[in-house]
Amino acid sequence: MRQEWLGLAVIAVLGFIIMASLRPAFLTPFNLFVLLSTFALAALIALGQMITLAVGQLNLSLGSIGGLVAVSFAGMMDVWHWSAAPSFVAGLALGALAGALNGILIAQFQLSAFIVTLATLAMFKGLNLALTKAQPFYDIDKIVSTFGNASLIGPIPAVLIPTVIATAVVAYILYRLPAGRQILAVGGNSSASELSGISIKRAIVTAHVMSGVLAGLAGMVAVARLQLGQPTIGEDWLISSFAAPVIGGVALTGGHVSIVGTLLAVVIVALITQGLVLFTIDPFYVQLVLGGLILLAVGLNSLRSLLPVGYSLP
Amino acid sequence: MAVGPSSRRQPNEEASTALGLTLLIALAFVVFSWAAAGFSSPYNLYALTRTAALNVLLGLAMMVVIATGGLDLSIGAIGIASAMFAGYLMQDFRLHMMIAIVAALCFGGALGFCNGFVVVFARVHSFIVTLASMSIIFGAMIVLTKAESVRDLPPAFLALGKIRWFGYLSPMLMVSVAIGALIAIMLRWTDLGREILASGANSRAATLSGVRVGNRIITVHALSGILAAIAGIMLSIRNGAMVPSMAGNLGQEWLLPAFLAPVLGGTLLSGGRAWVVTTVLAAFLVTELTNGMLLMSIGEFWVQFALGSVLLLAVLLEKGRSTLMGTVEGV
């Protein structure tokens, strides 16, 4: 199971080589900058969904939380004239609060995660639109807009920093801290974990809080990239948030995650999106390709489980 | 989940839920007639019944899949894609209205069949399959239609949207209620319906008793696709055109009403229990609340917030009720 992401790595590298050799424009610093910026945002969204899949649940309200935090972040700077730092902290706190609401409703009242997050999806979206009247907040702090377009070295964008930090923190929590181990244990077998003294409720709430924080962070990165607090941020995250973890080999039943696999899947999806642009194909094909990849990934997984022990698919 | 003792109590529980919903509908009617200007005007009642027709169908489309313990996220995508298909048959091929509608229903059914087929043969939960197919179907529809609306429709088709009975009733609601009655009969009195519910209640037990659970799962997905296609056509009749974005991106805007009706109506998400009458009543209540709040100019955004809260409240109440019943039973 160690090298389960090897196939994805090969696909990603191959895709990169094919694009670079067929379209020289692909390797221009500007294009790489755009590619990496897209990756930075998509990776945060994917990790936000991965963490709820880890505990054996899902979060439909991910994009809705991202949008609410995005407009609140921009609104605090525009309307209240806060500077970037306190707005950022408040944005993370709002994301955590929204996630906690999901987690507590699910864990405390033992409700279906699907229905709860479908309901909060509508509630957060309603709040977002009620706050903004569907108009963007334009006047955001200069630091944020500079950050959104800045590059560290050459084509490496500054917006990659939050993604790298968030990935490191998520990996540390999941693989090193008891809280993370408990999330995976509950996702793997909740009754066994309860018998071993793990609080299922706490694990579920922790996972949803982390998902909310990641969604909020992604929303704020989106604000930095767009240079404004657009109320529609997050509307199109649903499919891609599931696509990357599923392609990356995260078990839908919970208990098993692959951070490297998820990130590689994000790279592959970003490459495909870029490829459609570079080959001037209708960008709407992305929807088709994403859906097809999800089906392919789950199809391969169930094929794998049908094979006799010892055999493996590429 | 609630097999065993609770299934014996089923008719009572269904009747009490239906009574509760009817009282809420009546109460909301009184409150809105008093608080929202123009709520009880014939035109508004007509608009209300027209929207209710759509919401009833969405609720039923989701309910039949939930009955087997699954769900269908792709109803919006299927509904819109089928409506666009009918639109093209009428606009580009000048086919007769009825042929186009029947073809669209078959198209929706075929898409639903594909969903069910993949669910059964890839052994993946319907959530992830229909999430993927929602993206595929909607994406393909946008690519093929170039995101353009179909407006050049036969007058006979457009005239359907103007029929009014008694000045306040849309015949579309009668169509939806009739479909609901057929589904209720199917679920309660036919082998097919009993097999569907048995598959949802306990698929292992159903398999051991000779039910082909896989076939039943495919059946409900196909049925859900047909119902979504009817909903898509109704929405086009109302709009006087087939607009690719009429249910939002990926058809997501249909998801909330589609889940509200069965959940408020007491259908168990784990499968095995589906109440048609209460689902229809719940869809009507949701439409009434939406319409009334919009007329009180609370703002569309708060309405969305309120509908989300209603869904949460419904699952919380259902939880509370079953916990309470459980305790009483234990005593």
>> In whole Hz and in residue order, list the ³J(HN,Hα) couplings for the range B:256-267 that follow from phi through the Karplus curve 6.51 cos²θ - 1.76 cosθ + 1.60, θ = phi - 60°; x for Gly and Pro.
In response: 4, x, 5, 8, 4, 4, x, 5, 4, x, x, 5
>> Can you report the principal axis dimensions of the range B:176-216 using only the alpha carbons, biggest first, rounded to whole angstrom?
In response: 34, 15, 14
>> I need the calculated FRET efficiency for the pair B:Ala26 and B:Phe93, taking r as the beta carbon distance and R₀ as 51 Å, to the nearest 0.05.
In response: 0.60
> What ratio of Cα Rg to 2.2 N^0.38 Å holds for the protein assembly as shown?
Replying inline: 0.96
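For chain B, what does the alpha-carbon gyration tensor say about shape, rounded, prolate or oblate, given a ≥ b ≥ c as the root eigenvalues, a/c under 1.5 as rounded, and a/b over b/c as prolate?
Values: a/c = 1.85, a/b = 1.15, b/c = 1.61.
Here chain B falls in the oblate category.
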> What is the distance, in nm, between label points placed 7 Å from the Cα along the Cα-to-Cβ direction at A:Asn189 and at B:Ile185?
Replying inline: 5.0
> Arranged from highest to lowest average of other beta-carbon atoms within 10 Å per residue, in what order do the peptides A:116-123, A:28-35 appear?
Replying inline: A:116-123, A:28-35
> What list of ³J(HN,Hα) couplings, whole Hz, do you get for the range A:203-220 from phi and the Karplus terms 6.51, -1.76, 1.60, once you set θ to phi - 60° and write x for glycine and proline?
Replying inline: 4, 5, 5, 4, 4, 6, 5, 4, 4, x, 5, 5, 4, x, 4, 4, x, 6
>> Let me check I've understood the local charge: for B:Ile78, count other residues with C-beta under 15 angstrom from its C-beta, Lys and Arg +1, Asp and Glu -1. What total comes out?
In response: -2
> If you count, for every residue in A:239-248, the Cβ atoms of partner chains within 10 Å of its Cβ, what is the mean?
Replying inline: 2
> So if we plug the beta-carbon distance of B:Leu158 and A:Ile165 into 1/(1 + (r/R0)^6) with R0 = 56 Å, what FRET efficiency do we get, rounded to 0.05?
Replying inline: 0.45
> By per-residue mean of other Cβ atoms within 10 Å, what is the highest-first order of B:122-135, A:66-79, A:10-23?
Replying inline: A:66-79, B:122-135, A:10-23
>> Could you identify which residue out of B:Val213, B:Val315, B:Val65 has the top mean-square fluctuation in a GNM of chain B using Cα springs shorter than 10 Å?
In response: B:Val315
> Got a number for carbon plus sulfur as a percent of the range B:12-330's accessible area, 1.4 Å probe?
Replying inline: 71
>> Suppose the chain between B:Trp34 and B:Ala15 were pulled fully straight at 0.36 nm per residue; how much longer would it get relative to their current alpha carbon spacing?
In response: 4.0 nm
>> I want to verify the translational diffusion coefficient of the range A:80-146 in µm²/s; compute it with Stokes-Einstein, Rh as the Kirkwood radius over Cα pairs, at 10 °C and 1.306 mPa s.
In response: 114
> In whole Å, how far is the Cα centre of the range A:1-40 from that of the range B:82-114?
Replying inline: 41
> Computed over the Cα atoms, what is the radius of gyration of the range B:260-330 divided by 2.2 N^0.38 Å, N being its residue count?
Replying inline: 1.28
>> Could you give the length gained by full extension between A:Ala93 and A:Gln108, i.e. 0.36 nm per residue of separation minus their alpha carbon distance, to one decimal place?
In response: 3.3 nm
> Label points 7 Å out from Cα along the Cβ direction at B:Met174 and A:Ile281: separation in nm?
Replying inline: 5.0
> Pick from B:Leu144, B:Leu264, B:Leu73: which is most flexible by mean-square fluctuation in a GNM of chain B where alpha carbon atoms under 10 Å apart are linked?
Replying inline: B:Leu144
> Under a point-charge model restricted to the Cβ atoms of Lys and Arg (+1) and Asp and Glu (-1), what is the dipole moment magnitude of the protein assembly as shown relative to its Cα centre, in debye to the nearest 20?
Replying inline: 720
> Other chains' Cβ within 10 Å of A:51-61 residues: what's the mean?
Replying inline: 1
> Ignoring any ligand, DNA or RNA, what whole percent of the accessible area of the range A:4-306 comes from carbon and sulfur when the probe is 1.4 angstrom?
Replying inline: 72
>> Can you find, among B:Leu260, B:Met90, B:Phe32, the residue sitting farthest towards the positive end of the charge dipole of the range B:12-330, where Lys and Arg contribute +1 and Asp and Glu -1 at Cβ?
In response: B:Met90
>> Could you report the range A:4-306's accessible area per residue, 1.4 Å probe, as an integer in Å²?
In response: 40
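Residues of the range B:1-158: accessible area per residue at 1.4 Å, in Å²?
For the range B:1-158, the per-residue accessible area is 41 Å².
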> Which whole number gives the average count of other chain Cβ atoms within 10 Å of the Cβ atoms across peptide B:290-302?
Replying inline: 2
>> I'd like the FRET efficiency for A:Leu300 and B:Thr207, computed as 1/(1 + (r/R0)^6) with the beta carbon distance as r and R0 of 25 Å, rounded to 0.05.
In response: 0.45
> Any idea of the total accessible area buried by the A-B contact, 1.4 Å probe, rounded to 100 Å²?
Replying inline: 3400
> Going by a ≥ b ≥ c, the root eigenvalues of the Cα gyration tensor, does the range A:89-200 fall in the rounded group (a/c under 1.5), the prolate group (a/b larger than b/c) or the oblate group?
Replying inline: oblate
> Restricting attention to the alpha-carbon atoms of chain A, what are Rg (one decimal) and Dmax (integer), both in Å?
Replying inline: 19.5, 63
> By its C-alpha gyration tensor, with a ≥ b ≥ c as the square roots of the eigenvalues, how is the range A:1-93 shaped: rounded for a/c under 1.5, else prolate for a/b larger than b/c, else oblate?
Replying inline: oblate
>> Just to confirm a number: summing +1 for Lys and Arg and -1 for Asp and Glu over residues other than B:Gly69 whose beta-carbon lies under 15 angstrom from that of B:Gly69, what do you get?
In response: +2
>> With +1 assigned to the C-beta of every Lys and Arg and -1 to the C-beta of every Asp and Glu, and no other charges, what is the dipole magnitude of the range A:4-306 about the Cα centre in debye, to the nearest 20?
In response: 340
>> Quick check: pseudo-label points 7 Å beyond the Cα along Cα→Cβ at B:Lys319 and A:Ser83, how many nm apart are they?
In response: 4.3
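Can you check what the net charge comes to around A:Ile104, using other residues whose Cβ is under 15 Å from the Cβ of A:Ile104 (Lys, Arg +1; Asp, Glu -1)?
+3
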> Which of the peptides B:150-157, A:108-115 is most tightly packed, and how do the rest follow, judged by the mean count of other Cβ atoms within 10 Å per residue?
Replying inline: A:108-115, B:150-157
> Residue by residue, what Karplus-based ³J(HN,Hα) values in Hz, rounded to whole numbers, does the range B:42-51 have, using 6.51, -1.76 and 1.60 with θ = phi - 60° and x for Gly and Pro?
Replying inline: x, 5, 5, 5, 5, 4, 5, 5, 5, 5
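The values are calculated or read from the model by the stated rules, or taken from the named source; none is laboratory data. Source: prediction; values computed, not measured. Positions of Cβ are generated from backbone atoms using ideal geometry, with glycine treated the same way; all protein chains shown enter the neighbour counts. For the accessible areas, the whole protein counts, side chains as well, though only heavy atoms, and no ligand, DNA or RNA atoms are used. Shrake-Rupley method; radii C 1.70, N 1.55, O 1.52, S 1.80 Å.
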